[in-house]
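**Q** Would you mind keeping the following structure in view while I ask a few things?
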Amino acid sequence: MTDAAKFTPRVLSGIQPSGGLTLGNYLGAMKRFVEMQDESGLETLYCMVDLHAITVWQDPAALTRNTRELAAGYIAAGLDPAKSILFNQSQVPEHAQLAWIFNCVARMGWMGRMTQWKDKAGKNSENASLGLFAYPALMAADILIYHATHVPVGEDQKQHLELTRDIAMKFNHDYGVDFFPITEPVIEGAATRVMSLRDGSKKMSKSDPSDMSRINMTDDADAIAKKIRKARTDPDPLPATTDGLRDRAEARNLVNIYAALAETSPQAVLEEFGAGTQFGTFKPALAELAVEKLSPISAEMARLMDDPAEIDRMLADGADRAREIAHPILKRTYEIVGMVGA
Ligand code: TYM
């Protein structure tokens with residue numbers, strides 16, 4: 001087992017620039033990225049994973065726009081390019097280079113068991129891209145090319161992070177080294193799995209056909225209020241404790257969203273509103289809080305998008321800084337594998 005203490009505490013995470021950032025991305029990932037950036041003693045790297053995005057078709061002009069928009073979203077949400085390294089994955093070629101090595105470490109069976117692969121490829125797997133199948137090996141490379149020790153993500157990425165640990169362990173074992181850290185997933189907070197506003201059994205997702213199922217980071221105040229007003233709930237009022245939400249997926253989701261936005265716990269939200277509060281009262285309060293938290297972010301995103309050249313400069317600087325960490329780790333990996341000239 002790797003001695004975690006020998007690795008510098010370092011955080012890496014990423015989001016696909018495939019368009020349409022949702023409240024799920026914000027609460028499950030970005031907001032946590034900002035919190036970790038501000039924790040002392042942690043080096044933080046956050047990327048836009050454009051190589052992952054193209055595992056399914058992306059229109060080139062849209063990919064360019066969405067990558068800049070995601071970068072703007074990172075900064076608007078509170079990431080500071082002076083504190084965190086913000087960059088675009090494809091601009092640090094060491095990710096793809098290490099991913100190839102990991103393609104040769106990971107087993108077909110491991111990849112075939114990934115639920116995201118099964119969901120996305122569906123019955124038509126013969127026609128899915130090879131990149132979609134190999135997706136988790138690239139994700140492991142994103143993390144391990146920096147010897148990252150902590151990875152903040154939403155619940156849906158848990159299986160991929162377990163696979164990252166398996167790849168690190170198999171590499172270390174096969175080559176008889178203690179080189180890659182066994183990364184810790186950081187899946188924390190009230191909103192690690194934000195659910196659809198229309199169906200409490202499905203996660204909130206940019207790919208859901210119904211726009212009413214999600215809150216987009218670019219939605220205006222009216223749209224946010226309307227979506228929350230129309231969000232599905234059951235007829236019962238708020239309970240006294242979170243135990244009373246156990247079999248009420250939609251009600252639980254709204255309470256969790258409130259808690260995450262207010263930076264408190266779901267139990268504290270129930271206590272603040274009081275048992276018996278009707279959703280007719282709770283929903284407008286939630287809408288008001290969501291608008292208060294999201295509007296400044298979307299306004300700042302729009303302002304930053306007015307100057308794409310500045311975003312590109314910031315990303316180029318981030319890529320240079322990322323490469324300084326990644327390059328020596330790739331070089332050492334090549335040496336371990338026995339590649340001449342590394
Ligand atoms: P992606 O782009 O699908 O989502 C980005 C992040 O948002 C989280 N998320 C959610 N969290 C809570 N509730 C939701 N409804 C919700 N929807 C999305 C995701 O869990 C994720 O943290 N494979 C990754 C991207 C990736 C990555 C990495 C992440 C590539 N390389 C290395 C960490 C480290 C993905 O597709 O995320």
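**Q** Surrounded by 14 or more Cβ atoms within 10 Å (Cβ to Cβ) and free of Cβ contacts under 8 Å to residues at least 12 places away in the same chain: which single residue out of Ala251, Ala290, Ala223 fits that description?
**A** Ala223
**Q** If Val56 passes every condition in (1) open to solvent by less than 30 Å² (accessible area, probe 1.4 Å); (2) within 12 Å of the ligand (Cβ to nearest atom); (3) in a loop (DSSP other than H, G, I, E, B) but one, which one does it miss?
**A** Unmet for Val56, out of (1) open to solvent by less than 30 Å² (accessible area, probe 1.4 Å); (2) within 12 Å of the ligand (Cβ to nearest atom); (3) in a loop (DSSP other than H, G, I, E, B): (1).
**Q** I would also like to ask the following. Please go through (1) under 27 Å from the mean Cα position of the chain (by Cα); (2) without any contact (Cβ under 8 Å) to a residue 24 or more places away in the chain; (3) open to solvent by 60 Å² or more (accessible area, probe 1.4 Å) for Val269 and return the number of the only condition it doesn't satisfy.
**A** (3)
**Q** Let me ask something additional. Regarding Ala240, is this residue among the aliphatic types (A, V, I, L, M) and part of a loop (DSSP other than H, G, I, E, B)?
**A** yes
**Q** Quick one: which residue in Leu51, Leu12, Leu23, Leu45 is farther than 23 Å from Ala319 by Cβ, at pLDDT 95 or above and of a type outside the set (Ser, Thr, Tyr)?
**A** Exactly one of Leu51, Leu12, Leu23, Leu45 is farther than 23 Å from Ala319 by Cβ, at pLDDT 95 or above and of a type outside the set (Ser, Thr, Tyr), namely Leu23.
**Q** If we scan the stretch 121-131, do we find a residue that is in a loop (DSSP other than H, G, I, E, B) and in contact with a helix residue (DSSP H, G or I) (Cβ under 7 Å, 6 or more places away or on another chain)?
**A** yes
**Q** Is at least one residue of the stretch 138-149 open to solvent by 70 Å² or more (accessible area, probe 1.4 Å) and away from the ligand (no atom under 11 Å from the Cβ)?
**A** no
**Q** Can you find a residue that is part of a helix (DSSP H, G or I) and near the ligand (Cβ under 10 Å from one of its atoms) anywhere in the stretch 5-20?
**A** no
**Q** Now for a separate question. Working only within the stretch 68-89, note down all residues that are open to solvent by less than 40 Å² (accessible area, probe 1.4 Å) and without any contact (Cβ under 8 Å) to a residue 60 or more places away in the chain.
**A** Leu70, Tyr74, Gly78, Leu79, Ser84
The values are calculated or read from the model by the stated rules, or taken from the named source; none is laboratory data. Bear in mind that the values here come from a model prediction, so they are computed numbers and not experimental data. Counting neighbours? That spans all protein chains shown, and the Cβs are built from the backbone with ideal geometry, glycine included. For the accessible areas, the whole protein counts, side chains as well, though only heavy atoms, and no ligand, DNA or RNA atoms are used. Shrake-Rupley method; radii C 1.70, N 1.55, O 1.52, S 1.80 Å.
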